[in-house]
Amino acid sequence: MAEAEQRATEQTERAEQLQAALDAVQRTLNPNGGEGEQDPAQLAAAVAERDTQLADLSARLRAAQVELAAHRTAGEHGARADRLLNSRVFLDSVSGLDPDAPKFGEQLGAAITAAVEADPDLYRAAPAGPARGGAEFNGPPTAEQRPKTLHDAIAARLGG
């Protein structure tokens, strides 16, 4: 009987050592050690939240790409880019466009042209006027002038 008790004690000690080793491996693999992280419902909620964030960022990136493309091509279609991009109506009309689509440029051009035709006073780019010309009206030239009287000539010569 003493041998059986000794074997049982040894097996208990071995089981405790194995459990301690298993706990050490578990802490290494999961340093936070939080039981909540291993809950499948909480993991699913975290994945769903990250998916939502990713979808939001993708939508914002697509909108920024569309706005940049509109800004670059507005001049080609006779439109003012600053006014187009400040228009909620125009941005709503191009929000469904996919920048990766093969006909994206044509669709964007059609949307810009439609906006200019709908309200030309607001969106049409003003034609560039002629180059500025003529003389400056800042006064007479500052070149050296001749004295008008003999007194002025003598005063200029003597430094006074």
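Tabulated data
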| quantity | calculated |
| --- | --- |
| All positions within the range 46-65 that are closer than 10 Å to PRO99 by Cα and basic (Lys, Arg) | ARG62 |
| Candidates ASP82, ASP92, ASP51, ASP56 - the one that is at pLDDT 85 or above and touching a His at 6+ places or on another chain (Cβ under 9 Å) | ASP82 |
| Test: residue in the range 137-152 that is at pLDDT below 80, surrounded by fewer than 12 Cβ atoms within 10 Å (Cβ to Cβ) and β-branched (Val, Ile, Thr) | yes |
| Matching option when the condition is open to solvent by less than 100 Å² (accessible area, probe 1.4 Å), farther than 21 Å from ASP100 by Cα and not small (Gly, Ala, Ser), among LEU18, LEU68, LEU29, LEU43 | LEU43 |
| Count of the range 76-112 residues which are among the polar types (S, T, N, Q), closer than 12 Å to TYR123 by Cα and open to solvent by 20 Å² or more (accessible area, probe 1.4 Å) | 1 |
| Residue, farthest from SER95 (Cα to Cα), within the range 49-66, restricted to residues that are among the charged types (D, E, K, R) and under 16 Å from the mean Cα position of the chain (by Cα) | ASP56 |
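The values are calculated or read from the model by the stated rules, or taken from the named source; none is laboratory data. Here the structure is a predicted model, which is why all the values come from computation and not from measurement. Using ideal geometry, Cβ is built from the backbone for each residue, glycine included, and neighbour counts are taken over all protein chains shown. For accessibility, only protein heavy atoms count, side chains too; no ligands or nucleic acids. Shrake-Rupley method; radii C 1.70, N 1.55, O 1.52, S 1.80 Å.
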